[in-house]
Amino acid sequence: MYLALERYTRPSSVAEALAAYAGGKGGVLLGGGSTLNVEGNHEEVEHVIDLQGLPWKQLASGAQGVEVGALVSLRALGRAAAAWGPRFAAIAPAALAYPVVGLLNRATVGGRVMLDRNDVDLHPVLAALDARLLVVDDAGERALPFPTDAAGRRALAGCLLRGLQLPAGGGRSSFHRHARIQVDRPLCNAAAWVEGSEARVFAGVQGPDAALTRLGAVEGKLSGWGDQRPPDWRGQVREAALADLVAYEDPWASGTYRQDVTATLVVRCLAEVFGEAVSE
Amino acid sequence: MRSELEVNGARVAWEHEPHEFLTEVLRREGLKGTKRGCESGDCGACAVLLDGEEVPSCLVLAAQAHGHAVETIEGVGSFEAPHPIQEAFLDATAIQCGYCTPGMVLATKALLAETPNPTEADARACLAGHLCRCTGYVKPIQAVLSAAQRCQAGAQ
């Protein structure tokens, strides 16, 4: 159809996969393939390296936290995460945000994490939960922080993603998105994790590259309040969020619209975290 | 290249090009109930079951199916002996042109294997990625719920 693909490789070991990938020069990595025929930049792909033969489908939660293999499907992740407690509550709605069963069965966690875009619903959630990426290259295996900017993305170049780790702990997380229709990429999204005076709040689709926006002013408000937030916290959070966000405009949304809706999503995330009604 | 897989219960070995997706190869091998649609995983017309899970065959390289089991609409039932799910779609008049129907039937089969007593919300979620431009969705949703009752009655 649209692919110039001439070579398909299915390595059965990590060593074989690394040899085929050759630090990113050997071909394109294939998890489930849900974006292979969809992303325009793949039309010239000549060699795919299908990772399905590697044992990277673990889904384990325990005292150390959660470990998710790169080849776990979004559907399996969403279903499993629903039982992991309030700290990880943001994962299921982000994993299952694009509600097409066939795609959710094919799309993998690794494939979504490695997408070099900022409109991936899992990204702000993984950043808010301080996820670590388990990567493998010729030098061995190591853990990297979830990339929230271009430098972090560059650190992943040439690596295979084996999976990710989500540290254990308390608190609660939440995720909200806004799209023109449900089965569409988000126009904006936001995720928050809060425990006492600690908070991590991130938003996606706030610029043209893959970077996420960390809402430092909102986190500062939450840190100052601790468990004693003022009655008008929604207004104050909204004001802080508007200060954190740039008015990023693209063909699908004006800058002020996206900025305003993202601030609303942040307030909704925090209302959910606080156990309050999402809408006033 | 050559892929060996199980299709509708029979072991097959098919020659194909590395760039070919499962939709193309299935149709070339005569299984034309798998429809070509959007070719981007959004319309559901090409849905098949891969190891029992619904997948859009337009996004699965034929090579990726090597070593796996594929079920197409031809494996579900026939004109002479339709599956209860197919009967439910017929009786609910959930079919007009029929282009989306194979995908919907397979999606329903996958749903009922996991959730024998689906709610209407389950039925809606099951059909969310299946676009129908003529019947709409009310009757297919009724058909999914009716199919669940028929399958349960058949199992008893």
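Rule-based calculations on the coordinates, nothing more; no lab input. From a predicted model like this one, the values you see are computed outputs, not experimental measurements. Quick reminder, even Gly has a Cβ in these numbers, built from the backbone with ideal geometry, and neighbours come from all protein chains shown.
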Got a sec? Which of A:Leu161, A:Leu187, A:Leu129, A:Leu166 is touching a His at 6+ places or on another chain (Cβ under 7 Å), in contact (Cβ under 8 Å) with a residue 40 or more places away in the chain and among the aliphatic types (A, V, I, L, M)? A:Leu187
Selection count, the stretch A:75-111, where residues are within 21 Å of A:Asn189 (Cα to Cα), within 14 Å of chain B (Cβ to nearest Cβ) and in contact (Cβ under 8 Å) with a residue 40 or more places away in the chain: 9
Quick one: A:Asp119 ticks every box in (1) within 12 Å of another protein chain (Cβ to nearest Cβ); (2) touching a residue at least 40 places away in the same chain (Cβ under 8 Å) bar one, so which box is it? (1)
What's the number of the condition A:Glu67 fails, among (1) among the charged types (D, E, K, R); (2) closer than 26 Å to A:Cys188 by Cβ; (3) away from every other protein chain (no Cβ under 14 Å)? (2)
Select from the stretch B:1-32 the residues that are among the hydrophobic types (A, V, I, L, M, F, W, C) and free of Cβ contacts under 8 Å to residues at least 40 places away in the same chain and write down the one among them that is nearest to A:Glu44 (Cα to Cα). B:Val25
If a residue has to be over 16 Å from A:Thr9 (Cα atoms), among the hydrophobic types (A, V, I, L, M, F, W, C), part of a strand (DSSP E or B) and in contact (Cβ under 8 Å) with a residue 12 or more places away in the chain to count, how many in the stretch A:44-65 make the cut? 1
What is the one condition in (1) in contact with a His (Cβ under 9 Å, 6 or more places away or on another chain); (2) more than 10 Å from every other protein chain (Cβ to nearest Cβ) that B:Ala10 does not satisfy? (1)
Among the candidates B:Ala148, B:Ala123, B:Ala113, single out the residue that is crowded, with 22+ Cβ neighbours inside 10 Å and within 13 Å of chain A (Cβ to nearest Cβ). B:Ala123
Of all residues making up the stretch B:72-110, the number that are closer than 16 Å to B:Leu31 by Cα, in contact (Cβ under 8 Å) with a residue 40 or more places away in the chain and under 11 Å from the mean Cα position of the chain (by Cα): 8
Looking only at the stretch B:25-41, count how many residues are facing another protein chain (nearest Cβ under 7 Å) and either farther than 21 Å from A:Ser73 by Cα or charged (D, E, K, R) (or both). 1
Scope the stretch A:111-132; condition more than 20 Å from A:Ile49 (Cα to Cα) and crowded, with 21+ Cβ neighbours inside 10 Å; matching residues: A:Asn118, A:Val120, A:Asp121, A:Leu122, A:His123, A:Pro124, A:Val125, A:Leu126, A:Ala127, A:Ala128, A:Leu129, A:Ala131
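So, A:Ala203, is that one part of a strand (DSSP E or B) and surrounded by 23 or more Cβ atoms within 10 Å (Cβ to Cβ) or not?
Yes: the conditions hold for A:Ala203.
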Members of the stretch B:57-71 found to be in contact (Cβ under 8 Å) with a residue 60 or more places away in the chain and outside any loop (DSSP other than H, G, I, E, B), listed by number: B:Ala63, B:Ala65, B:Ala69, B:Val70, B:Glu71
Considering the stretch B:48-66 alone, what residues qualify as being surrounded by fewer than 24 Cβ atoms within 10 Å (Cβ to Cβ), more than 7 Å from chain A (Cβ to nearest Cβ) and closer than 24 Å to A:Pro11 by Cβ? B:Leu50, B:Asp51, B:His66
Say whether the condition of being of a type outside the set (S, T, N, Q) and assigned to a strand (DSSP E or B) is met by at least one residue in the stretch A:232-250. yes
Condition test on A:Ala82, is it under 11 Å from the mean Cα position of the chain (by Cα) and aliphatic (A, V, I, L, M)? no
Exactly one of B:Gly98, B:Gly44, B:Gly52 is out of contact with any Leu (no Cβ under 9 Å at 6 or more places or on another chain) and within 27 Å of A:Gly33 (Cα to Cα), and that one is B:Gly52
